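I have placed the structure first, in the form of structure tokens, so that the comments after it can refer back to it.
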Amino acid sequence: MSTKEKKIKYLSYAYHGRSHDLSILRNEFDAKRGLWFDQLEVHVDLGYLGLDKDYGFKKLSIPSKKKRNKTLTEQEQIANREKSQFRVTVENSIVGLKRYRFLSDRLRCRKMSFYNKVIGLCAGLWNFVLTY
């Protein structure tokens with residue numbers, strides 16, 4: 001999770017590549033244990049369809065999905081474009097993490113605990129670079 005200023009606010013533990021985005025979020029933020037996003041404006045991609053069923057939000061922005069054998073209307077396409085322009089800052093913060101090549105190259109470390117520590121260090125360095 002990051003802010004619109006590209007500052008990383010939260011990193012989950014590392015999951016395997018085939019883990020679904022929404023299931024990772026549900027594992028990290030149990031809907032029964034608190035009001036996690038009630039005071040926040042949340043902007044997500046289509047990997048989080050169904051998020052609004054479990055959590056409350058001040059505002060939730062999720063793109064429209066194309067129906068089978070139909071195209072999106074011009075209005076929906078424009079709205080999706082505006083939403084993606086806002087979400088691109090999150091993608092930029094992920095790219096900022098990948099500047100530290102440990103996260104983007106093929107890994108030889110076998111311990112996930114070590115990998116999680118290095119990700120935390122990279123996030124801290126990235127946030128420091130943004131404030132410097």
Original post:
So is LYS98 within 17 Å of SER12 (Cα to Cα) and either at pLDDT below 85 or of a type in the set (A, V, I, L, M) (or both) or not?
Top reply: yes
Original post:
Based on what the data block shows, is VAL90 modelled with pLDDT of 85 or more, β-branched (Val, Ile, Thr) and open to solvent by 40 Å² or more (accessible area, probe 1.4 Å)?
Top reply: no
Original post:
Looking at (1) loosely packed, with under 14 Cβ neighbours inside 10 Å; (2) under 20 Å from the mean Cα position of the chain (by Cα), which is the only condition LYS66 fails?
Top reply: (2)
**OP:** All but one of (1) assigned to a loop (DSSP other than H, G, I, E, B); (2) of a type outside the set (Asp, Glu); (3) in contact with a helix residue (DSSP H, G or I) (Cβ under 6 Å, 6 or more places away or on another chain) hold for GLY47, so report the exception by its number.
**Re:** (1)
**OP:** Could you grab me the full set of residues in the stretch 73-87 that are in a helix (DSSP H, G or I), surrounded by fewer than 13 Cβ atoms within 10 Å (Cβ to Cβ) and modelled with pLDDT of 85 or more?
**Re:** GLU74, GLN75, ILE78, ARG81, GLU82
**OP:** Name the one entry in PHE37, PHE57 that is open to solvent by less than 50 Å² (accessible area, probe 1.4 Å), under 28 Å from LEU125 (Cα atoms) and more than 13 Å from the chain's Cα centre (by Cα).
**Re:** PHE37
Subject >> Residue count, the stretch 98-132 (criterion: surrounded by 12 or more Cβ atoms within 10 Å (Cβ to Cβ), hydroxyl-bearing (Ser, Thr, Tyr) and in a helix (DSSP H, G or I)) >> reply: 1
**OP:** Give the residue, chosen from LEU103, LEU40, LEU130, that is in contact (Cβ under 8 Å) with a residue 60 or more places away in the chain and closer than 17 Å to SER2 by Cβ.
**Re:** LEU130
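The values are calculated or read from the model by the stated rules, or taken from the named source; none is laboratory data. Just so we're clear, the structure is a prediction, and the values are computed from it rather than from any experiment. Positions of Cβ are generated from backbone atoms using ideal geometry, with glycine treated the same way; all protein chains shown enter the neighbour counts. Surface areas here come from the heavy atoms of the whole protein model, side chains and all, with no ligands, DNA or RNA. Shrake-Rupley method; radii C 1.70, N 1.55, O 1.52, S 1.80 Å.
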